[in-house]
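For reference, the structure is listed below as structure tokens.
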Amino acid sequence: MIFEEKKYSLNGHEVILRSARPEEAAMLLDYLKTVTGETRFLMCEPDEVNYSLEWEEQFVSEHNDSDGDMLILAFLDGEYAGNCSFERMGGSRRRAHHAGIGIALFQRFTGLGLGRLMLNVLIGEMRACGFEQAQLSVYDNNKRARHLYESIGFTECGRIPRASKYDDGTYSDELLMVMEL
Ligand SMILES: CC(C)(COP(=O)(O)OP(=O)(O)OC[C@H]1O[C@@H](n2cnc3c(N)ncnc32)[C@H](O)[C@@H]1OP(=O)(O)O)[C@@H](O)C(=O)NCCC(=O)NCCS
């Protein structure tokens, strides 16, 4: 699904949200390599981001062309700041009423209220699309993300102990969160 470009004002900053374009695949791969190295809160290590340019272009096109997936990029004062997305769960009618969401910003764009703005827009799009439920997973020690998700209306519904094991031998639990739309 396409999210047509929209402008917002955020504490004196101009924010533009819009769907990704296939020709931005290289920028998106660079972003993924950077954000996975900036925190321990994402799904892999930077050296594991080894998708090809063609794969990433296809990823963008599939989101844009699908009737249940959306990928939204955020630009703050003209600079690419990060993205958020939802993807319909599973391929069967029994699971088609809910979608999983994800979000990650470059560290220098965090703490400005941008994540809240993006999630509110994303959830609005999910409602407009007819989804009944949003799901996500977040690491237990990701206090900022947990606070944001809870304040938006997500509640914890499960915990997978030691879901992530880091290269230094430590672990993080993963919390499953859900929000009725
Ligand atoms: C998680 C993320 C998307 C949040 O976006 P953001 O723009 O930084 O968040 P916002 O500024 O909109 O809101 C953050 C909220 O958390 C609060 N917060 C900040 N640090 C906190 C902490 N250590 N503990 C609790 N709350 C905290 C802020 O006060 C704010 O709440 P408020 O609006 O009620 O005052 C962003 O920080 C990010 O991309 N982080 C790295 C990747 C990541 O963790 N992705 C999520 C994976 S599940």
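Derivation of every value follows stated rules applied to the coordinates shown; laboratory data play no part. Remember, predicted model here, so these are calculated numbers, not experimental data. Ideal geometry is used to build each Cβ from the backbone, glycine not excepted, and the neighbour counts take in all protein chains shown.
Side notes on the structure shown:
- Considering only Met118, Met89, Met27, the Gaussian network model of the chain with Cα springs below 10 Å gives its largest mean-square fluctuation to Met27.
- Residue-wise HN-Hα coupling along the stretch 91-107, computed from phi with Karplus coefficients 6.51, -1.76, 1.60 (Hz; x: Gly, Pro): x, 10, 4, 5, 10, 6, 8, 10, 9, x, 10, x, 7, 7, 10, 4, 3
- When the chymotrypsin sites (Phe, Trp or Tyr not before Pro) in the stretch 71-106 are filtered for DSSP coil states and for at most 16 other beta-carbon atoms within 10 Å of their beta-carbon, the remaining sites are Phe106.
- Alpha carbon centroid spacing (whole Å) that separates the stretch 140-162 from the stretch 1-76: 22
- Relative to the compact-globule estimate of 2.2 N^0.38 Å, the Cα radius of gyration of the chain comes out at 1.01.
- A Cβ-based charge dipole, computed about the Cα centre of the stretch 42-174 with Lys and Arg at +1 and Asp and Glu at -1, lands at about 760 debye.
- When each full DSSP H helix of the chain is screened for a Cα extent of at least 30 Å along its own axis and an average Kyte-Doolittle hydropathy of at least 1.6, none passes.
- For the stretch 1-83, the list of GluC sites (Glu not before Pro) that fall in a loop by DSSP and count at most 16 other C-beta atoms within 10 angstrom reads Glu4, Glu5.
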